[in-house]
1. Work out how much length ASP21 to THR260 would gain on full extension: take 0.36 nm times their residue separation and subtract the Cα-Cα distance, in nm to one decimal.
2. Taking the Cα centre of each part, how many Å lie between the range 261-333 and the range 1-69?
3. Would you please give the residues with an amide H less than 5 Å from that of ASP88, counting only those at least 5 places away or on a separate chain, with H modeled from the backbone geometry?
4. Subtract the Cα-Cα distance of HIS362 and VAL317 from 0.36 nm times their separation in residues, and report this length gain in nm to one decimal.
5. Sort out for me the Cα centre separation of the range 74-127 from the range 164-189, rounded to whole Å.
6. Please report the carbon-and-sulfur percent of the accessible area for the chain; probe 1.4 Å, protein heavy atoms only, DNA, RNA and ligands left out.
7. Springs between alpha-carbon pairs under 10 angstrom, Gaussian network model over the chain: which of SER29, SER236, SER284 fluctuates most?
8. Take the cross-link list LYS68/LYS323; LYS151/LYS251; LYS205/LYS251; LYS22/LYS49; LYS49/LYS251 and give me the ones stretching past 21 Å between alpha-carbons.
Amino acid sequence: MTNQTKHDFSKVHHAMQRYIDKDILAGVSTAILAGQDLLDVHCAGWADKENQIALREDHLFRVFSNSKLVTSIAVLQLMEDGKLQLDDAIEHYLPQLARRRVLRPGATSIDDTEPAHSSITIRQLLSHTSGLSYGLLDHGSTIYKAYVERKVMNAMTPLSAMIDVLEDLPLTFHPGTKWEYSIATDVLSRLVEVVSGMRFDAYLKASIFDPLGMHDTGFVVPADKLDRLTAYYAGSDPANILQRGLKRLEKSPYPGAFVTSVPRLSGGGGLVSSLHDMVALMRSLMKGGPRLLSDETMALMMQNHLPEGSGIAFPGVGNVPGKGFGLGGAVTLQPSSIDPAGSAGEFEWGGIAGTHWWISPHHQIAGLLMTQRQMSFWHPFSFEFKRLAYQALAVG
């Protein structure tokens with residue numbers, strides 16, 4: 001990729017280098033777009049710190065929850081093809097998810113439930129308002145224990161088996177009443193299979209990856225590309241995200257992840273991709289780019305779909321100010337103190353290892369940040385990157 005810019009992005013580069021110098025990140029790649037123009041690409045630090053392999057543009061990253069954007073696009077493509085509607089009840093396609101029950105407030109037993117007021121819809125799955133949980137972030141809760149005990153996120157089982165396990169588990173709230181980050185996008189992966197008649201990875205390849213030239217994106221890294229997979233790290237102190245020091249992770253999130261074929265094709269967190277491929281995906285969501293979705297569908301995707309008075313909140317963190325949620329990513333309703341001043345209307349999301357994307361439909365700019373540090377979703381470095389990018393572009 002070639003830089004084409006008259007803007008000065010040196011402050012962006014210096015800021016990212018600072019996190020590397022402080023041993024908070026091993027390496028970081030960034031890209032900044034204005035419309036279809038790729039204005040800046042920058043790689044700093046190490047793809048493999050221990051072996052002193054410098055990070056390059058062609059390195060591969062575990063993008064984890066950035067996979068959700070791809071899955072959401074797939075569902076919306078099927079909507080445009082007339083094969084489903086956003087407000088369809090999910091049991092029309094996945095009958096195991098009919099007749100939901102909901103945990104009563106304060107329930108300490110998985111059996112303390114009441115009937116759901118309504119069915120789960122596809123729109124609610126896309127916007128994480130379905131009542132499903134994750135068994136990932138809410139440690140110690142009743143639903144967390146149940147998800148872990150039933151192995152809802154078992155990567156060694158296919159998507160169909162996950163739906164069977166969810167059949168007997170309650171929701172945490174009545175569908176459509178609030179937001180909770182959840183396994184909903186993996187449910188949508190199975191929906192794509194049922195509606196399209198194709199295995200999920202085959203659908204993505206035919207309908208998204210091949211049309212955009214995303215040849216480095218998939219659920220498994222081929223043997224001839226393994227040398228391009230970046231090393232994965234955790235911070236030295238999980239309780240202090242700005243603590244210096246990194247430790248290498250060899251078998252996370254499970255042995256053989258991304259390098260051996262497994263049955264679970266997780267649309268919520270299973271993809272590996274490159275900076276080049278993610279730039280191609282961003283271009284498809286910007287004016288003048290290759291189209292995967294109509295302008296009307298993209299505008300719908302980037303609107304807030306949360307119920308009135310509801311917002312994003314994470315266990316142990318609380319409410320995230322000024323954020324709503326669209327169909328596959330967060331929407332900035334009102335910029336907070338850590339957001340760029342001109343970022344209202346921005347569509348964004350990230351992965352748990354520090355990959356992060358954002359698009360401003362109003363300004364027609366976008367940014368990508370790719371790194372590999374565990375539990376660094378919405379870390380200060382991602383917001384600093386965005387603020388400095390906006391400044392360099394003289395936006396807002």
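1. 82.7 nm
2. The range 261-333 and the range 1-69 have Cα centres spaced 20 Å from each other.
3. HN-HN under 5 Å from ASP88: ILE122, ARG123.
4. 13.3 nm
5. 7 Å
6. 51 percent
7. Residue with maximal mean-square fluctuation among SER29, SER236, SER284: SER236.
8. In this structure, LYS205/LYS251 lie more than 21 Å apart at Cα.
The values are calculated or read from the model by the stated rules, or taken from the named source; none is laboratory data. Computed from a prediction, not measured in an experiment: that's the story for all the values here. Here the Cβ is made from the backbone with ideal geometry for all residues, glycine too, and neighbour counts use every protein chain on show. Just so you know, the surface numbers come from the protein's heavy atoms only, side chains and all, with ligands and any DNA or RNA stripped out. Shrake-Rupley method; radii C 1.70, N 1.55, O 1.52, S 1.80 Å.
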